[in-house]
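For reference, the structure I am asking about is given below.
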Amino acid sequence: MSESASDPKRTVSSSAEGADPQRRSSAFQIEDLHVWFGNRAALHGISLNIPVHQVTGIIGPSGCGKSTFLRALNRMHEFIPGARVQGRIRLFGEDIYEASGDPILLRRRVGMVFQKSNPFPTMSIQENVLIGLRLAGTRNRDLLEERLEEALRMAALWSEVKDRLHAPGIELSGGQQQRLCIARALAVRPEVLLMDEPCSALDPIATAQIESLIRDLGQRYSIVLATHNLQEAGRTADCTAFFLEGRLIEFGSTKKLFTNPSQKQTEDYLTGRFT
Amino acid sequence: MNDFQPDPSWEALPLAAETRSLTHSVGIGRILDQGFGFLAVGAGISVLALAALLGWELYQGAEEAIRRYGMGFLVSSHWDPVAGRFGALPFLYGTFVSSAIALLLAFPLSVATALSLTEFAPVRLRRPVLALVDLMAAVPSVVWGLWAMFEMVPWLRQTAFPFLQRFFGWLPFFQGSIYGVSLLAGALVIAMMITPIVTSLAIEILQSVPLTLREAAWALGATRWEVMRVAVLPYVRSSLVGAGVLGLGRALGETMAVTMVIGNRPEIFLSLFAPGYTLASVLVNEFAEATSEEHLSALFEIGLTLVAVTFVVNSLARLLIRSVPFFFAPRPLRTESMETSG
């Protein structure tokens, strides 16, 4: 499906051209987000709207709060002792930190792919892809079959693994494992996909495959991609946010941010003049 | 910005005399390195040598009994040093049954304790409880035995055993007269002694699960219970069984506390309320009083048997771990339809 839908000629700038990302309809509306770990503040009041059906890149040096920001969006900080989140995050209008909100249901709507591929080592490729659905209680075999193929095709992995769906997931190569994790996240059909430096542990060829996959998926999913690789953001993201020391410095279309940044700090970072 | 130019005379720079003396001398580090290597190899060999020596000594001592009784020693259930008859079956039976019951009781309890602590309890509870568990593991055997003799056994005799007999008396294991001291009492005290050790090991094992795996499950919307089932248990399955095996090893060799409550009667009864005897107990009870040559030799063979049993049980358990690789893994999705359609 998606493999045929990919359009290699599609460029980042064309899809985001002329669009003010703040005005488009938003997947996430984030207002004044603060995160603390113990007494240390990691994010100081981030306000940002994540547009629907686009790839939003989050760039910035290590420790600038990219991961922290991403993990606030699916309430992953709740597992870290001492972590506190303040502010308002709305997913298609619903406040995700509201007392009545269920983090389990939220995480089914907001999938996540991690820096290091993490397939479940005791499960086969198929079990890895379907585990999210099984956790959600899906028993219908036809549906499981259908979603298995769909997710693997969307992750551009189907042709490589369709003959060995029962092989252990960890037998795959690093890049394939990362695509398996993407398939695992997609199988539950999330509304948003969070990707935390998904290519940082991969070689250039695997990176190129995942990046083209992200561009394809960006047409149908709202993706938030944290990366410390500027070229990666430039190649894949429709709009980009630049974080520095827990603050949002600049947010705009990728083309604008990369060619004509309005903030001096952004320009310094992009040109490598950074202390 | 990048104005670093390599010095053209770099290559030609002569090595300063002191630098040369540093790079060309062997140095104290190399000598220490070699010395440590010898020391390490020596330590390794001495462990093996000790094990070999132990086996040889036991065999030497037991040689006469082995020659005289042959296999009859292991299959005969008649132990009467005065009459000069030595059959070790009651001790083997007592050792196996008490250890098996102890493990059956202690292993689930230990794993459940460890899981509740690592997966469910607040993190700040973990350290104090772990310290307490380790403290329990350090309580000397004889202290457990004392407590068991003066507190547990009377309670068993007056409350627990009559209760079991009343409701489960139709089972052959809970029949016969109740003395308190019994195979079951021995098993219970062993269970209590190995629980802290297995728990402590299980906690360490569960904490070794990579955070990335837990995160993978959380991010898919797993509940705590599901994270445990999907990400944690499959990953640590064989290590947990290994912890159980270590506990079993300790149970088989446990001596003092068991001797104090098991009743020390070299006979085989199906009832767990009846007194029993273990290999370790008979050694500790009779060694000092063994005067005749054959009695001493028979006791040596008991010791040899105990070592062999421990060795065999450990090997079997390791084989078991390898033969059931996906013991805890979720049931695989059946895919006949998928294979025919695809």
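With angles folded into 0 to 90 degrees, how steeply does helix B:123-137 sit against the dominant principal axis of chain B? Use alpha carbons for both and round to 10.
With both axes taken from Cα atoms, the answer is about 50 degrees.
With the cut-off at 1.5 for a/c, could you classify chain B from its C-alpha gyration tensor as rounded, prolate or oblate?
In terms of gyration-tensor shape, oblate.
In percent, what relative contact order does segment A:202-257 have, based on Cα pairs under 8 Å that are 6 or more apart in sequence?
Over segment A:202-257, the number comes to 24 percent.
What does the accessible area of A:LYS162 come to, in Å² to the nearest 10, when a probe of 1.4 Å is used?
90
Using the Cβ atoms and a cut-off under 14 Å, what net charge is assigned to the surroundings of A:ARG273, where Lys and Arg are +1 and Asp and Glu are -1?
Values: positive: A:LYS264; negative: A:GLU267, A:ASP268.
Surrounding charge for A:ARG273 is -1.
For chain A, what does the helix formula give at 222 nm: sum of -39500 (n - 2.57) over DSSP H segments with n ≥ 4, over the residue count, nearest 500 deg cm²/dmol?
-10000 deg cm²/dmol
Evaluate the charge dipole of the protein assembly as shown about its Cα centre and quote only its size in Debye, nearest 20, assuming +1 on the Cβ of each Lys and Arg and -1 on the Cβ of each Asp and Glu.
For the protein assembly as shown, the charge dipole is close to 1420 debye.
What percent does the relative contact order of segment B:90-289 come to when contacts are Cα pairs within less than 8 Å and at least six residues apart?
Relative contact order here is 39 percent.
Now for a separate question. How much of the DSSP bridge set in the protein assembly as shown is antiparallel, in percent, rounded to the nearest 5?
Bridges in the protein assembly as shown are about 60 percent antiparallel.
Here's another thing I want to ask about it. Pull up the DSSP beta bridges for chain A and report the antiparallel fraction as a percent, rounded to 5.
Values: 26 of 43 bridges.
If I count the DSSP bridges inside chain A, around 60 percent turn out antiparallel.
Using Cα atoms only, what is the angle between the long axis of helix B:233-253 and the major principal axis of chain B, expressed in degrees (0 to 90) to the nearest 10?
50
Using DSSP loop states and a limit of at most 15 other Cβ atoms within 10 Å to flag GluC sites (Glu not before Pro), what is the longest stretch of chain B containing no flagged site?
B:12-288
Please name whichever of B:LEU246, B:GLY27, B:SER182 sits farthest to the positive end of the charge dipole of chain B, dipole taken about the Cα centre and charges placed at Cβ: Lys and Arg +1, Asp and Glu -1.
Value: B:SER182.
Taking only C-alpha pairs under 8 Å that are 6+ residues apart, what is the relative contact order of chain A in percent?
29
Name the lysines eligible as straight-distance cross-link partners of A:LYS162: C-alpha to C-alpha under 26 Å, and not fewer than 8 places from it in the same chain.
A:LYS116
Here's another thing I want to ask about it. Between A:GLY87 and residues 5 or more places away or on another chain, which pairs have amide H atoms under 5 Å apart, with H built 1.01 Å from N, and which residues are they?
Placed amide hydrogens put A:HIS34 under 5 Å from A:GLY87.
Then there is this: Within 10 Å of each Cβ of B:221-227, how many other protein chain Cβ atoms are there on average?
5
Run through the DSSP bridge list for segment A:110-258 and note the antiparallel percent, rounded to the nearest 5.
Numbers: 7 of 16 bridges.
Of those bridges, close to 45 percent are antiparallel.
Looking at chain B, identify the longest residue range that excludes and avoids all chymotrypsin sites (Phe, Trp or Tyr not before Pro) in DSSP loops having at most 13 other Cβ atoms within 10 Å.
So the longest stretch without any such site is B:11-169.
Taking 7 Å along the Cα-to-C-beta vector as the label spot, tell me the B:SER76-B:ARG30 distance in nanometres, rounded to one decimal.
That separation, rounded to one decimal, is 6.7 nm.
Rank A:ALA151, A:PRO261, A:LEU165 by how far each Cα sits towards the positive end of the charge dipole of chain A (+1 on Lys, Arg Cβ; -1 on Asp, Glu Cβ) and give me just the farthest.
A:PRO261
How big is the C-alpha Rg of the protein assembly as shown next to the rule-of-thumb value 2.2 N^0.38 Å, as a ratio?
Relative to the 2.2 N^0.38 Å estimate, the protein assembly as shown comes out at 1.32.
Let me ask something else about it. Say R0 is 51 Å: what FRET efficiency, to the nearest 0.05, do A:ASN39 and B:THR291 get from their beta-carbon distance?
Efficiency, rounded to the nearest 0.05: 0.10.
Using the Cβ atoms and a cut-off under 13 Å, what net charge is assigned to the surroundings of A:GLY169, where Lys and Arg are +1 and Asp and Glu are -1?
Value of the local net charge: 0.
Another question, then. Can you give the accessible area of B:ASP33, probe radius 1.4 Å, in Å² rounded to 10?
Solvent-accessible area, nearest 10 Å²: 110 Å².
Would you work out if segment A:77-235 is rounded, prolate or oblate? Take a ≥ b ≥ c from the square roots of the eigenvalues of the alpha-carbon gyration tensor; rounded if a/c is under 1.5, else prolate when a/b is larger than b/c, oblate otherwise.
It is oblate, given that a/c is not under 1.5 and a/b is not larger than b/c.
The values are calculated or read from the model by the stated rules, or taken from the named source; none is laboratory data. Predicted model only: the values in this text are computed from it and were never measured. Quick reminder, even Gly has a Cβ in these numbers, built from the backbone with ideal geometry, and neighbours come from all protein chains shown. These accessible areas exclude ligands, DNA and RNA; they are computed on the full protein's heavy atoms, side chains included. Shrake-Rupley method; radii C 1.70, N 1.55, O 1.52, S 1.80 Å.
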